[in-house]
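For reference, the structure is listed below as structure tokens.
The values are calculated or read from the model by the stated rules, or taken from the named source; none is laboratory data. Computed from a predicted structure; not experimentally measured. Using ideal geometry, Cβ is built from the backbone for each residue, glycine included, and neighbour counts are taken over all protein chains shown. SASA here: full protein model, heavy atoms, side chains in, ligands and nucleic acids out. Shrake-Rupley method; radii C 1.70, N 1.55, O 1.52, S 1.80 Å.
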Amino acid sequence: MVQRVALTGNEAVALAMKQMNPDVVAAYPITPQTDIVQFFSQYVANGEVDTEFITVESEHSAMSATVGAVAAGARSMTATSSQGLALMWEILYIASSYRLPIVMPLVNRALSGPINIHCDHSDSMGARDSGWIQLYSENVQEAYDNMVQAVRISEHPDVRLPVMVCQDGFITSHGLENLEVLGDDVVREFIGEFVPENPLLNVKKPVTIGALALPDSYMEFKVQQAQAMSKAAQVVEEISEEFARVSGRKYGLFETYQLQDADIAVMLLNSSAGTARMVVDELRAKGVKAGLLKPRMFRPFPARQLTQALSGLKAVAVMDRAEGFANTGGPLFNDTKAALYDAGVQVKVVNYVYGLGGRDLVPQHVHEVFSDLARIAEGEDPSSLVKYLGVQGGVV
Amino acid sequence: MKETPSNKEFPRGGYILNPGNAAEYQTGEWRSMRPVWDKEKCINCMFCWLFCPDLAIIVEEGKVKGINYDYCKGCGICSHECPDRVKAIHMIKEGEQEDRG
């Protein structure tokens, strides 16, 4: 039964977790993820879930307990933001290398310092090489839908990797939006029972997890991980098809808007896509062939499909809500540019870093980007490949 | 990408699926120093057996019979613990020609 309700991103994610009724949740509250832990612990206190809720003393312990619980054979989840993710760091790699299916909502927040509680993507972008699948969500609906699908992707026999479901801190996590939620029975049927692979609690078949792998075998395990990542893209699409049948909502590896015949386009993650879509509409009304591409899956990076989608453009602006300090632009820009180069696609690509620490991206900023693009498409050399939007004192 | 290295040879996630298989891993090849046991001097006090971290002292019916070089890493603890007045185990460089005892 489909129900239309108004929820914040955090409420929607907590609801998805309640419907999935995981065996174990180990989590530590951190702004702006706090509500997820708060709502979920309320479900536990009210007896609305069967979950063993472990209150831990830090995020390092939250991820460690989650790793232990999944290894034992329990479907397990946690949630975090920013510094919390940073504190989980070493265990993120443990989770993915042990091939443990874990679903973790990540409410994107800027990393310190200066200390800041608002949205940017520096937390998840920092974890982009940790071997986690990363899904991004523009709004509350997508955050909810990604959560339900993430469990299936993570536990798929060809994948067996942890998944991070990202949504923008405060903008989505605390913004009240209308969404359609699935019935508890639909969700439970969709995700099915968790089938652990060689669980530690199976005393009839004892196994060791976490053994040493020296130069004679370490590399094979890493290659296996990379190959599981390469299979994940296909699985994300398969699960998406299946999800569409129960929900009526279809997701791909990325969403395109007015891109088919576009000359110029912007590419960006999460909530800012809403602002960009509105600007595309305004430009289209004036006859400008503007378009939008919003990646849903950033890890693994859908290079082949992306370059195909971008190949008809004259110029594209990749917009990063994270600064990588390489002086060569943000992470989304670098991956996109590399993919285009490999595919031999001749599209001019420029980078805009925006929205750090919760700085608003307003329609005027996106208009500025599109007018730069229009000139670049006509042959003007961009003054700089990497620019910063909305900085006091003007564009740097 | 080509197919995954076989799950049989490299179980996914580095799991060890056959318990107790540490015995198959002969750590003796790590050794750079080799203990040499002198049967004539040995008083069978069992200090070497007690202290050896790798269970590499071969004992049969309460008597030392030799050193298991498949697992001995050459740490030298046995030689160190062998009582000063006995000195039945001394260390030599691995590869040096001497009776293995």
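From the alpha carbon centroid of the stretch A:100-174 to that of the stretch A:344-393 is 25 Å.
Roughly how tilted is helix A:140-155, in degrees to the nearest 10 and between 0 and 90, from the longest Cα axis of chain A? Between helix and principal axis, roughly 50 degrees.
What dipole magnitude, in Debye to the nearest 20, does chain A give about its Cα centre under +1 on Lys/Arg Cβ and -1 on Asp/Glu Cβ?
For this selection, approximately 540 debye.
Placing a label point 7 Å from the Cα of A:Ala6 along the Cα-to-Cβ direction, the residues of the stretch A:155-171 with a backbone N closer than 20 Å are A:170-171.
Heavy-atom accessible area buried between chains A and B is around 1800 Å² (1.4 Å probe, both sides summed).
Rounded, prolate or oblate: which fits the stretch A:182-316, taking a ≥ b ≥ c as square roots of the Cα gyration tensor eigenvalues, rounded meaning a/c under 1.5, else prolate when a/b beats b/c? Because a/c hits 1.5 or more and a/b fails to exceed b/c, the stretch A:182-316 counts as oblate.
A simple count of charges around A:Tyr43, restricted to other residues whose Cβ falls under 11 Å of its Cβ and scoring Lys, Arg +1 and Asp, Glu -1, yields -1. Counted by Cβ distance under 12 Å from A:Arg321, the other residues give a net charge of -4, where Lys and Arg count +1 and Asp and Glu count -1.
Computed per residue of chain A from DSSP H runs no shorter than four, each worth -39500 (n - 2.57), the mean residue ellipticity at 222 nm is -13000 deg cm²/dmol.
Annotation: per residue accessible area for the protein assembly as shown equals 46 Å², rounded to a whole number [probe 1.4 Å, protein chains only].
Cα centroids of the stretch A:1-79 and the stretch A:211-244: 25 Å apart.
Expressed as a rounded percentage, what relative contact order does chain A have, with Cα pairs under 8 Å and six or more residues apart?
In percent, rounded to a whole number, it is 15.
Considering only A:Val280, A:His118, A:Val345, the residue lying farthest towards the positive end of the dipole of the protein assembly as shown is A:Val345, judged by Cα position with unit charges set on Cβ.
Is the shape of the stretch A:254-388 rounded, prolate or oblate, going by the alpha carbon gyration tensor and its root eigenvalues a ≥ b ≥ c, with a/c under 1.5 for rounded and a/b larger than b/c for prolate?
Rounded, since a/c falls under 1.5.
Per-peptide packing, taken as the mean over residues of other Cβ atoms within 10 Å, places A:32-41, A:8-17, B:26-35 in the sequence A:8-17, A:32-41, B:26-35 from highest down.
Placing unit charges on the Cβ atoms only, positive for Lys and Arg and negative for Asp and Glu, gives the stretch B:28-93 a dipole magnitude near 220 debye about its Cα centre.
Nonpolar atom fraction for the protein assembly as shown, defined as the carbon and sulfur part of the 1.4 Å probe accessible area, stands at 52 percent.
Entry for the protein assembly as shown at q = 0.10, 0.11, 0.13 Å⁻¹: log10 I(q)/I(0) = -0.80, -0.91, -1.16, Debye formula applied to identical alpha-carbon scatterers, no solvent contribution.
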